[in-house]
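K.L.:
This is the structure I want to talk about, given as structure tokens.
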């Protein structure tokens with residue numbers, strides 16, 4: 001659970017642990033400290049973290065232990081000192097004063113892997129924030145994973161997978177707060193496939209995220225509050241179809257075998273307007289960086305128990321009738337104004353007729369929204 005500085009967060013984290021204890025006793029939780037939010041300059045800052053995010057959970061039955069140690073990760077934090085002379089000494093102080101053995105696997109945003117055996121030698125593992133391609137090309141992340149795995153000095157390694165990234169918020173550095181990261185061309189599935197292919201060398205994989213609404217990569221239900229300074233988070237931007245989709249690939253990664261498909265189903269996702277929509281440059285927030293990396297396509301993934309036919313459309317564009325095999329089938333339809341839908345037939349009978357009512361593609365949007373709509377229909 002990614003945690004920050006809001007005073008309400010410790011109580012909500014405790015709620016999550018206790019809910020898991022009640023309804024899913026075998027479900028384990030761990031903390032990731034968001035150091036872009038949490039203060040970390042003084043001893044008092046470190047004690048706040050210990051008192052609120054370590055001590056209350058160190059004996060909780062739903063805590064995640066690895067090698068009999070409490071699992072603790074971060075987002076960034078390579079500058080934190082906690083009142084010590086240098087950041088490595090600061091984090092070492094926190095780990096040593098946590099009151100319980102810690103398996104510490106921080107996301108240190110450093111470029112020199114030799115530091116893992118020198119100044120940062122005390123950490124147990126290294127977390128790389130590497131969920132999305134950093135260029136217009138897709139499926140490129142493994143090169144970074146491979147480099148860090150080879151240079152991680154024998155430490156544990158945690159990498160990320162995520163379906164989407166879009167943020168369009170005023171203020172701050174636009175390179176951080178106004179950008180799109182490539183989620184096109186079935187990037188989420190391709191990233192999972194990378195991780196599955198290399199599962200023997202990957203002890204940990206993290207899905208980003210359950211509910212980070214501001215960066216558009218949530219897969220959980222849209223509950224609670226989302227940022228009130230953005231317009232690209234709406235009830236129609238539900239991503240729970242991706243949660244269902246994630247189960248298939250996460251199970252494959254964990255077990256080493258693709259799960260049996262016992263229910264026919266259609267997943268679809270898309271953006272509601274073109275990547276070059278004028279409003280994404282004229283709404284006062286600033287031009288979305290990397291918007292040209294996107295593709296104006298409806299993405300369709302059909303999971304089938306046995307062979308079938310598919311006909312899908314976006315407005316006046318359609319896929320034609322496609323013959324699909326048992327297993328996972330992927331194809332796209334160019335987006336044009338109007339609604340979308342898919343029909344799946346087998347032996348002449350319609351199994352699925354999916355015409356979502358919460359998606360309409362427009363070429364003249366009034367709001368910049370490169371967040372994804374997702375949909376799922378089971379046969």
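K.L.:
Taking interchain pairs and intrachain pairs at least six residues apart, which have beta carbon atoms under 7 angstrom, with the first residue in region 34-51 and in the same structural domain as residue 6 (by TED's automatic domain parsing) and the second in a strand (DSSP E or B)?
P.N.:
34/2; 34/3; 34/75; 35/74; 35/75; 36/75; 49/33
K.L.:
Restricting to strands (runs of 3 or more DSSP E) lying wholly in region 315-375: which have 1 or more residues that are surrounded by fewer than 16 Cβ atoms within 10 Å (Cβ to Cβ) and in contact with a helix residue (DSSP H, G or I) (Cβ under 9 Å, 6 or more places away or on another chain)?
P.N.:
327-334
K.L.:
Might you let me know whether region 207-218 holds any residue that is more than 24 Å from residue 179 (Cβ to Cβ), without any contact (Cβ under 8 Å) to a residue 40 or more places away in the chain and in a helix (DSSP H, G or I)?
P.N.:
no
K.L.:
Here is a follow-up. For region 121-205, please list each of the helices (runs of 4 or more DSSP H) lying entirely inside it that holds at least 3 residues being free of Cβ contacts under 8 Å to residues at least 12 places away in the same chain and crowded, with 19+ Cβ neighbours inside 10 Å.
P.N.:
Correct list: empty, since no element meets the threshold.
K.L.:
Could you say whether any residue in region 69-80 is closer than 29 Å to residue 25 by Cα, over 20 Å from the mean Cα position of the chain (by Cα), assigned by TED's automatic domain parsing to the domain that holds residue 208 and at pLDDT 95 or above?
P.N.:
yes
K.L.:
What's the total number of residues in region 127-156 that are out of contact with any strand residue (DSSP E or B) (no Cβ under 6 Å at 6 or more places or on another chain) and over 21 Å from residue 182 (Cβ atoms)?
P.N.:
Count: 4.
The values are calculated or read from the model by the stated rules, or taken from the named source; none is laboratory data. This is a predicted model, so every value here is computed, not measured. For neighbour counting, all protein chains shown are included, and Cβ atoms are generated from backbone atoms with ideal geometry for every residue, glycine included.
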